[in-house]
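Participant: For reference, the structure I am asking about is given below.
The values are calculated or read from the model by the stated rules, or taken from the named source; none is laboratory data. Keep in mind the model is a prediction, meaning the values are calculated, not measured. No Cβ is skipped: glycine too gets one built from the backbone with ideal geometry, and neighbour counts run over all protein chains shown. These area figures cover heavy atoms from the full protein model, side chains too; ligands, DNA and RNA do not enter into them. Shrake-Rupley method; radii C 1.70, N 1.55, O 1.52, S 1.80 Å.
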Amino acid sequence: MPDLETVTSATALGRPMGAAFGRPFPRQGPVEHCSHIQCWEPEPLILGHSTLGTRNSKADEGPLVAQLRPEPIHAMRKYRSQSVPADRWANIEPFVLDAVALVAPACAYLAERLMVAATPYVDWVVHVNGMPKVTNVFHPVLIRRYISRDDLHLKDKTLRDYRSFLLRISEVVLPDEGPIEFAPLNGQSVTAPYTDPELNLLESWARGQSTALRRRGAGAVLTLGAGAGLDPWEMQHLRRSDVCVDRHGALVNVQGGTPRLVPVLERWEQLLIDSLADVPDNAWILGGADRKTTYNFVTPFINHTDFGNEPKPVPTRMRTTWITRHLAGGTHAGDLMAAGGLRKPEHLVTSLRHIPTMNASEHRRRILAEAREVR
């Protein structure tokens with residue numbers, strides 16, 4: 001537990017506008033795990049007499065959560081932690097609601113996830129460590145100590161999600177605090193790309209589904225993930241008209257996330273064409289006309305498909321496979337970042353370890369060829 005002198009007070013509060021935990025965090029637009037077309041509130045919240053702006057929580061002085069849309073308000077207010085006693089929850093509820101409201105999206109899905117991460121953390125800081133309910137609760141040092149505890153008993157991915165959510169809040173309420181080092185979580189590793197045999201099995205999984213609708217969906221998920229590097233949010237916001245097929249190949253016009261054009265790898269063009277053969281131009285590629293877009297339905301769809309002996313179809317592994325294939329093939333880093341909607345070179349660096357090692361002669365040939373191009 002750091003002493004109070006190492007935890008400085010906030011000098012400004014505001015909506016997140018910069019990069020937080022490696023991802024841009026605008027008022028409007030998508031963020032990982034959120035699948036709403038408009039994720040963020042259109043206008044900044046008015047702080048007023050927020051519990052985050054005072055030394056004591058006062059639930060009746062204009063909490064920030066009251067300014068949100070009905071869907072996230074409902075999701076946040078109905079949340080009840082199973083691990084926090086009722087009396088302790090009553091003490092921290094206004095503070096937690098205001099903290100989450102600062103970074104809350106317009107969709108209920110992510111708002112509830114933020115509550116799940118913030119509630120036990122604030123309870124630990126306030127009731128276990130005895131800190132007052134002020135912005136310093138979200139100091140990065142405290143977040144690091146919380147995430148490093150041995151008694152959380154959470155999976156590594158869950159810990160990483162919690163850490164990212166808490167750091168987003170920290171960036172907003174303590175904007176002058178610089179980043180600090182976080183030790184790798186136990187078992188944390190970069191998602192490995194699929195091997196060629198595994199990709200062949202996944203193609204069999206897609207083509208071998210028992211219904212036409214499942215074959216269409218599985219083929220689209222595989223080709224858009226492994227063939228174009230799209231994430232689930234981007235996949236489920238594509239219409240048939242967003243995919244252009246001509247004599248040069250297939251081109252995906254990504255509408256959600258970072259708008260961009262992405263050529264589909266030749267390996268996956270035919271499966272994509274087959275999957276979209278009977279889809280009308282104005283129809284969604286994934287899901288029916290009456291589907292809801294306020295949650296991620298790509299993963300539930302995958303879980304309800306027919307399985308055999310193929311590896312688990314995971315969109316993040318598909319995207320990693322796409323990035324690794326381009327890096328191994330010599331695609332320019334700038335071009336790859338643009339096609340992948342990436343904003344930081346670090347997103348590519350994590351995939352470098354998966355590139356096959358070239359033999360000495362091939363390595364020498366490539367280096368010399370690139371040197372000639374530079375001259």
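Participant: Here are some residues: Gly227, Gly257. Which one is open to solvent by less than 10 Å² (accessible area, probe 1.4 Å) and not charged (D, E, K, R)?
Facilitator: Answer to the selection: Gly227.
Participant: Here is a follow-up. Before we move on, is Leu213 open to solvent by 10 Å² or more (accessible area, probe 1.4 Å) and part of a helix (DSSP H, G or I)?
Facilitator: yes
Participant: Something else now. Might you check whether a residue that is part of a loop (DSSP other than H, G, I, E, B) and closer than 23 Å to Trp233 by Cα occurs anywhere in segment 123-142?
Facilitator: Within segment 123-142 (the criterion being part of a loop (DSSP other than H, G, I, E, B) and closer than 23 Å to Trp233 by Cα), the answer is no, since none of the residues qualifies.
Participant: If I ask for residues that are in contact with a helix residue (DSSP H, G or I) (Cβ under 7 Å, 6 or more places away or on another chain), modelled with pLDDT of 85 or more and in a helix (DSSP H, G or I), which ones from segment 71-90 would you list?
Facilitator: Arg88
Participant: Any chance segment 277-299 includes a residue that's assigned to a helix (DSSP H, G or I), closer than 14 Å to Ala218 by Cα and either modelled with pLDDT of 90 or more or open to solvent by 90 Å² or more (accessible area, probe 1.4 Å) (or both)?
Facilitator: No; the residues of segment 277-299 include none that is assigned to a helix (DSSP H, G or I), closer than 14 Å to Ala218 by Cα and either modelled with pLDDT of 90 or more or open to solvent by 90 Å² or more (accessible area, probe 1.4 Å) (or both).
Participant: Cβ-Cβ distance below 7 Å, separation of 6 or more or different chains: which pairs start in segment 242-271 with a residue that is part of a helix (DSSP H, G or I) and end on one that is at pLDDT below 95 and open to solvent by 80 Å² or more (accessible area, probe 1.4 Å)?
Facilitator: Close Cβ pairs satisfying both conditions: Asp242/Gln255.
Participant: May I ask you to say which residue of Thr195, Thr211, Thr223, Thr191 is among the β-branched types (Val, Ile, Thr) and under 13 Å from Arg267 (Cβ atoms)?
Facilitator: Checking each option against the conditions leaves just Thr223.
Participant: Hey, among Ser35, Ser57, which residue is in contact with a Phe, Trp or Tyr (Cβ under 8 Å, 6 or more places away or on another chain), among the small types (Gly, Ala, Ser), modelled with pLDDT under 70 and open to solvent by 10 Å² or more (accessible area, probe 1.4 Å)?
Facilitator: Among Ser35, Ser57, only Ser57 is in contact with a Phe, Trp or Tyr (Cβ under 8 Å, 6 or more places away or on another chain), among the small types (Gly, Ala, Ser), modelled with pLDDT under 70 and open to solvent by 10 Å² or more (accessible area, probe 1.4 Å).
Participant: Follow-up question, since we're still on this one. Looking only at segment 108-139, count every residue that is over 22 Å from Asn91 (Cα atoms) and open to solvent by 10 Å² or more (accessible area, probe 1.4 Å) and tell me the total.
Facilitator: The total comes to 2.
Participant: If I filter segment 300-315 down to residues being under 18 Å from Pro197 (Cα atoms) and either within 15 Å of the chain's Cα centre (by Cα) or open to solvent by 40 Å² or more (accessible area, probe 1.4 Å) (or both), which single residue comes out as modelled with the lowest pLDDT?
Facilitator: Only one residue fits best here, namely Asn309.
Participant: Moving on. What's the number of the only condition in (1) at pLDDT below 75; (2) surrounded by 12 or more Cβ atoms within 10 Å (Cβ to Cβ); (3) not small (Gly, Ala, Ser) that Arg343 fails to meet?
Facilitator: (1) is the only condition that Arg343 fails.
Participant: Specify which of the listed residues (Asp87, Asp156, Asp150, Asp176) is open to solvent by 30 Å² or more (accessible area, probe 1.4 Å) and touching a Gly at 6+ places or on another chain (Cβ under 7 Å).
Facilitator: The unique qualifying residue is Asp156.
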